[in-house]
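The values are calculated or read from the model by the stated rules, or taken from the named source; none is laboratory data. Just so we're clear, the structure is a prediction, and the values are computed from it rather than from any experiment. Cβ placement follows ideal geometry from the backbone for every residue including glycine, while neighbour counts extend to all protein chains displayed. Accessible surface is based on the protein model in full, side chains and every heavy atom, while ligands, DNA and RNA are left aside. Shrake-Rupley method; radii C 1.70, N 1.55, O 1.52, S 1.80 Å.
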Amino acid sequence: MSTAPEQVRAEPWFSPVRPRRARTIAVQLIVWLALLSGPAALFAQLNQGGPGETSTEPERPADHGPTAVAVAGWAERAVAAYAEGDLDTVRVLYPTVTDRQLDDLPAAPSAPARVGTVAVERLGEQRWQATVAFYPPREDPAATAVRYLTLTAHGQGTTWAALDLPAEAGTWTAGELPAPPYAPGRLADSPLTEAVAGWAAAHLTGQGELDRYLAPDTAHPPVAPYARVEVTAVHAAEQDQERAAAPPGEGATVAVRADLVATDSDGRTWPMSYALELTSRGQRWEVSALTHPPLT
């Protein structure tokens, strides 16, 4: 008796016995559900805000403009009273001051103290620190021209009090600067320097038509508080030296620094420096922007 060979199954033993078409459809449904669940989960996570990042430093409260201005004004009054030896005002503004400290206050100067707040920082809820520049009266030109005093204030609105007497702060020093962006040599007299001189006179004294020296679509009103202006030097940016010294080519742009001396109606002189951008048009140079020194 012949025995038929055993039929070999093409599927693993653990595969459920179902028609091929039905299983294919099931697999496709599972794949599509997986693909669709990814964007849906991401959308849900974004709407929930996601896990917050761990902060390594305590977050300081944001400064509020009007309050900072109030602190600045109060600090100037407090430092002025301290510098002038105004006992009554110091008692009010510095509640913790002792009688010994009052006795040691400086003597009243011959003129009111000149002060100006240069920095305000919020330390916490209703606590601020102000740095005030104090310009002491001096007869000796070698004497200290300005001192910086810091004090901590507590309060809000229009009610403030110093937590302690002012402390002397160090003077500010200049940090390291990048290489000078402008060539050290001044440009020789040329159409470019003439354009700068004309612009300076029109802009600062009102002499001449300012629009004549401005490129199209460039506008800034003249300030004109000065009686006369003299441009002492024009320096081109390092990368623009050749273009600045050459005849103006159509559409060429150069960056320059104009050093000048402005004289007011009282005869006082004010040295100034302007960073300018000039663009050539029709064989002439025109000021196309008041800028800032380029970084090198």
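Points worth noting:
- Looking across the stretch 249-296, the residues that are surrounded by 16 or more Cβ atoms within 10 Å (Cβ to Cβ), polar (S, T, N, Q) and either more than 14 Å from A215 (Cα to Cα) or without any contact (Cβ under 8 Å) to a residue 40 or more places away in the chain (or both) come down to T263, S280.
- Residue match in the stretch 135-143 (condition: in contact (Cβ under 8 Å) with a residue 24 or more places away in the chain, of a type in the set (D, E, K, R) and over 15 Å from A167 (Cβ atoms)): no
- Odd one out for T96, checked against (1) part of a helix (DSSP H, G or I); (2) open to solvent by 80 Å² or more (accessible area, probe 1.4 Å): (1)
- Cβ-Cβ distances below 7 Å connect no pair with a first residue in the stretch 60-75 that is in a loop (DSSP other than H, G, I, E, B), a second residue that is modelled with pLDDT under 55, and a separation of six or more residues or different chains.
- Residues that are of a type in the set (S, T, N, Q) and modelled with pLDDT of 95 or more, drawn from the stretch 230-252: T232
- Test for L187: is it surrounded by 17 or more Cβ atoms within 10 Å (Cβ to Cβ), free of Cβ contacts under 8 Å to residues at least 24 places away in the same chain and in contact with a helix residue (DSSP H, G or I) (Cβ under 7 Å, 6 or more places away or on another chain): no
- Taking the criterion of being surrounded by fewer than 16 Cβ atoms within 10 Å (Cβ to Cβ) and touching a helix residue (DSSP H, G or I) at 6+ places or on another chain (Cβ under 9 Å), the residues of the stretch 234-248 that qualify are A245, P247.
- Cβ-Cβ under 7 Å pairs, at least 6 apart or on other chains, the stretch 204-231 side under 17 Å from V261 (Cα atoms) and outside any loop (DSSP other than H, G, I, E, B), far side at pLDDT 90 or above and open to solvent by 60 Å² or more (accessible area, probe 1.4 Å): T205/R228
- Against the numbered list (1) open to solvent by less than 30 Å² (accessible area, probe 1.4 Å); (2) without any contact (Cβ under 8 Å) to a residue 24 or more places away in the chain, D88 comes up short only at (1).
- Flag for V146 being open to solvent by less than 80 Å² (accessible area, probe 1.4 Å) and at pLDDT 90 or above: no
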